[in-house]
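Student: Below is one structure. I have some questions about it.
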Amino acid sequence: MGIIKSNNLEFEYINHKEDGEIESVNKAIAGVNIDIEKGDFIVILGHNGSGKSTLAKQMNAILQPTRGSMWVNGINTKDDENLLNIRRMAGMVFQNPDNQIIGSIVEEDVGFGPENMGVATEDIWKRVEESLTSVKMLEYRRHSPNKLSGGQKQRVAIAGVMAMKPDCIILDEPTAMLDPNGRKDVIKTVTELNKAAGVTIILITHYMDEAVFADRIFVMDDGKIVIEGIPREVFSQVERLRELRLEVPQVTELAYELQQAGVALSDGILTIDELVEELCQLN
Amino acid sequence: MSIKLENINFFYSPDNAFKKHALKDINLEIEQGEFVGIIGHTGSGKSTLIQHFNGLLKPTSGHLYYDNSNIFDNAYHLKKLREKVGLVFQYPEHQLFETTVLKDVCFGPKNQGLDEKSCIERAGEALKLVGLKEKYWDKSPFEISGGQKRRAAIAGVLAMRPEVLILDEPTAGLDPRGKNDILNQIKKLYQETKITIILVSHSMEDIAKYANRLIVMNQGSIYFDDTPRNIFKRYKELEAIGLAAPQVTYIMDRLRRKGFDVSLDAITIEEAKEEILKFLGRDK
């Protein structure tokens, strides 16, 4: 069993009327089966309302399944006794950096998690230092989070999760509100945590270029996973992705358009290097 | 209409230790019918700049003219200016508040003093311009999708029939289709009504596709002010200030180095495709 596994997972948002009667039921997850290996870098794509964020919230038991099951490191997320344990193992980073920072200086914010877990004071400071180092924010430890850029704030949020020594980090559109530099820094940070520290990464994004180097991609629609595969397989399905309100990286789209016009290129070209090389061979 | 900025300087907190020189000696003129993109990283002064365009911020020094009138003259009617220069903030859907979409869009014209019938007329016109179908007009703004909310919010500004529409990252957080839909709608609006558009964006790809002029901000100053095509050719200078050209520019550049006779003028996928096909001799 992988680190995150689900079996026929379903989840319904239920709206109640004032008298408690059920007004409407919205099935946000409609039968998801996933099995994510420890150490993988996973990207989840899907249009607004496809169920990505709801699925993410199942992965650290913020939400629990209506039907079916979800396991984190073998522990069922319906096991209320183990909730804190699950949330330590699977940390979450959200879209808006301003909504998840609570400390008045950076190091206090990062220490909040381990402090709540009852880690010894000495150990807390050690963890704070280690995790700020891992996101390259150590020099800002005594700064006020208010004065940081969006990208820096997100890296502090990631450090806050790292201080709890998680096995897995789930990031729900962490770059949506950042400028290109901030985006690059955050993606570089999570990639390094994945490679160097072996942390399993689950990244939800609308930026296709952030998905190019993933180990696997899941594409969601209507609460289900409709495409699953390595980036090359997924991004070679240009028309299918368009139907799902998504797109492909610019270089992949250009290669696809050239292919349509009769140029003999491979399917699913992902980088500028690949495209230039293939065009050179044709010339 | 024209907006003219002369030697504009702006300081945040000018009187204490947090003093920040946010705009440095800005000179620029925007004419009727332009589609201007503004790019720059966080803290470069983009948002400060656009809040000058409708007098929300008053420059510490310098002059700002709208149709040759100084907007900070005592006699100038700033409220009227804000009807002519509509500003759509980031995440504008957070400002929706009425019980129905139509009522929400009526709020602007109602404040302009129009009677109910004209308000509804204006609101309907604006909602059509942003492509929000009639079946949504009587819904609560909170039960429609993210992309639809965003359209409703933009319609709220359009209902005042502005001459200039300023949009601060109008597609942040939307999925790719939602993003393209909104930008295409803005382009259509631009072509049909000849309204002046000022678009703040983080995406060079979007600027390449839609804008006919690009202003690049860096540390409170204007770094480039030219056509996107001319600016992207100087991608090394863009990189020096932490920005980059669209992916297409890099592809064309790499191909040229490999001996392909293709033009760096191509900045969109469509143009790049034409150039490459022409070079390979398959354009017929």
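Student: Taking region A:250-283, which residues are within 21 Å of A:PHE213 (Cβ to Cβ) and at the interface with another protein chain (Cβ under 7 Å from one of its Cβ atoms)?
Tutor: Scanning region A:250-283 gives A:GLN250, A:VAL251, A:GLU253, A:LEU254, A:ILE272, A:LEU275, A:VAL276.
Student: Would you point out the residue of region A:108-141, among those that are more than 24 Å from the chain's Cα centre (by Cα) and under 25 Å from A:MET177 (Cβ atoms), that is surrounded by the most Cβ atoms within 10 Å (Cβ to Cβ)?
Tutor: A:TYR140
Student: Being modelled with pLDDT under 95 and farther than 29 Å from A:ASP209 by Cα narrows it down to one residue among A:SER134, A:SER144; which is it?
Tutor: Answer to the selection: A:SER144.
Student: On to the next question. Under the condition of being charged (D, E, K, R) and closer than 18 Å to A:ARG87 by Cα, which residue from region A:152-174 is farthest from the other protein chains (Cβ to nearest Cβ)?
Tutor: Here the residue is A:LYS165.
Student: Select, from B:LEU102, B:LEU5, B:LEU64, B:LEU28, the only residue that is more than 18 Å from the chain's Cα centre (by Cα), assigned to a strand (DSSP E or B) and modelled with pLDDT of 95 or more.
Tutor: Just one listed residue meets the conditions, B:LEU64.
Student: Of the conditions (1) of a type outside the set (Asp, Glu); (2) within 14 Å of another protein chain (Cβ to nearest Cβ); (3) in contact with a Leu (Cβ under 7 Å, 6 or more places away or on another chain), A:SER149 clears all except one; give me its number.
Tutor: Here A:SER149 meets the rest and fails (3).
Student: Residues of region A:39-62 being outside any loop (DSSP other than H, G, I, E, B) and not aliphatic (A, V, I, L, M), which ones?
Tutor: A:PHE41, A:GLY46, A:LYS52, A:SER53, A:THR54, A:LYS57, A:GLN58
Student: Select from region B:31-53 the residues that are closer than 24 Å to B:TYR235 by Cα, in contact with a helix residue (DSSP H, G or I) (Cβ under 9 Å, 6 or more places away or on another chain) and either free of Cβ contacts under 8 Å to residues at least 12 places away in the same chain or surrounded by fewer than 20 Cβ atoms within 10 Å (Cβ to Cβ) (or both) and list them in ascending order.
Tutor: Answer for region B:31-53, where residues must be closer than 24 Å to B:TYR235 by Cα, in contact with a helix residue (DSSP H, G or I) (Cβ under 9 Å, 6 or more places away or on another chain) and either free of Cβ contacts under 8 Å to residues at least 12 places away in the same chain or surrounded by fewer than 20 Cβ atoms within 10 Å (Cβ to Cβ) (or both): B:PHE35, B:THR42.
Student: Right, next: Quick one: how many residues across region A:59-74 are surrounded by 16 or more Cβ atoms within 10 Å (Cβ to Cβ) and touching a residue at least 60 places away in the same chain (Cβ under 8 Å)?
Tutor: Counting residues in region A:59-74 that are surrounded by 16 or more Cβ atoms within 10 Å (Cβ to Cβ) and touching a residue at least 60 places away in the same chain (Cβ under 8 Å) gives 7.
Student: Here's a follow-up. Filter region A:175-228 down to the residues that are within 12 Å of another protein chain (Cβ to nearest Cβ), closer than 21 Å to B:GLU205 by Cβ and not aliphatic (A, V, I, L, M) and list them by number.
Tutor: A:THR175, A:ASP179, A:PRO180, A:ASN181, A:GLY182, A:ARG183, A:LYS184, A:ASP185, A:THR205, A:HIS206, A:TYR207, A:ASP209
Student: Pairs only if they're at least six apart or on different chains, beta carbon under 7 angstrom, first in region B:137-156 and assigned to a helix (DSSP H, G or I), second modelled with pLDDT of 90 or more and basic (Lys, Arg); list them, first residue then second.
Tutor: Once the first residue is assigned to a helix (DSSP H, G or I) and sits in region B:137-156, its partners that are modelled with pLDDT of 90 or more and basic (Lys, Arg) give B:PRO141/B:LYS149.
Student: Here is a further query. Please enumerate the residues belonging to region B:157-171 that are more than 13 Å from chain A (Cβ to nearest Cβ) and either in a loop (DSSP other than H, G, I, E, B) or under 21 Å from A:GLY46 (Cα atoms) (or both).
Tutor: Passing the criteria: B:ALA159, B:MET160, B:ARG161, B:PRO162, B:GLU163, B:PRO170.
Student: If the requirement is being aliphatic (A, V, I, L, M), part of a loop (DSSP other than H, G, I, E, B) and within 14 Å of chain A (Cβ to nearest Cβ), which of these qualifies: B:LEU114, B:LEU174?
Tutor: B:LEU174
Student: Continuing with this model, one more query. Could you tell me which of the residues A:ASP98, A:ASP109 is touching a residue at least 40 places away in the same chain (Cβ under 8 Å), within 14 Å of chain B (Cβ to nearest Cβ) and among the charged types (D, E, K, R)?
Tutor: A:ASP98
The values are calculated or read from the model by the stated rules, or taken from the named source; none is laboratory data. Keep in mind that what you see is a predicted model, and the values were worked out from it rather than measured. Neighbour counts are summed over all protein chains in view; Cβ atoms, including those assigned to glycine, are modelled from backbone coordinates with ideal geometry.
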